[in-house]
């Protein structure tokens, strides 16, 4: 009897550990599935205006946001920002700066931070 209980306890623990291992994967799948439902940031939104967000980085007012000037600035896009929550260069994805909204991959804002390679 004692041996059976020990075996059942071991199976229960294995199942629990296995379930915990799959939780992060389920979380990622849930976020990716729901990201497509998020609206795009409106360029006229007050927070977007403050940060100079534009859907197309070529449209940045460099007089107001000189961070986007020069060779280094020309390489700044949402898709290579550390705050962009996707790896792709096309389409749109969520951004940490605009919770509950997506930004275009070819967009830009003054909160841009280089993604670590």
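All of the numbers you see were taken from the coordinates with simple rules; none came from a lab. Fair warning: this is a prediction, and the values are worked out from it, not measured in the lab. Cβ atoms come from the backbone with ideal geometry, glycine included; neighbour counts cover every protein chain shown.
Key figures
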| item | result |
| --- | --- |
| Virtual spin-label span in nm between residue 83 and residue 71, 7 Å along Cα→Cβ | 2.7 nm |
| Distance (nanometres) between label positions extended 7 Å along Cα→Cβ at residue 9 and residue 43 | 6.5 nm |
| Sequence-separation-based contact order of the stretch 39-117, relative, with Cα cut under 8 Å and 6+ spacing, percent | 36 percent |
| Stretch gain in nm, segment residue 63-residue 2, where the contour uses 0.36 nm per residue and the Cα spacing is subtracted | 14.2 nm |
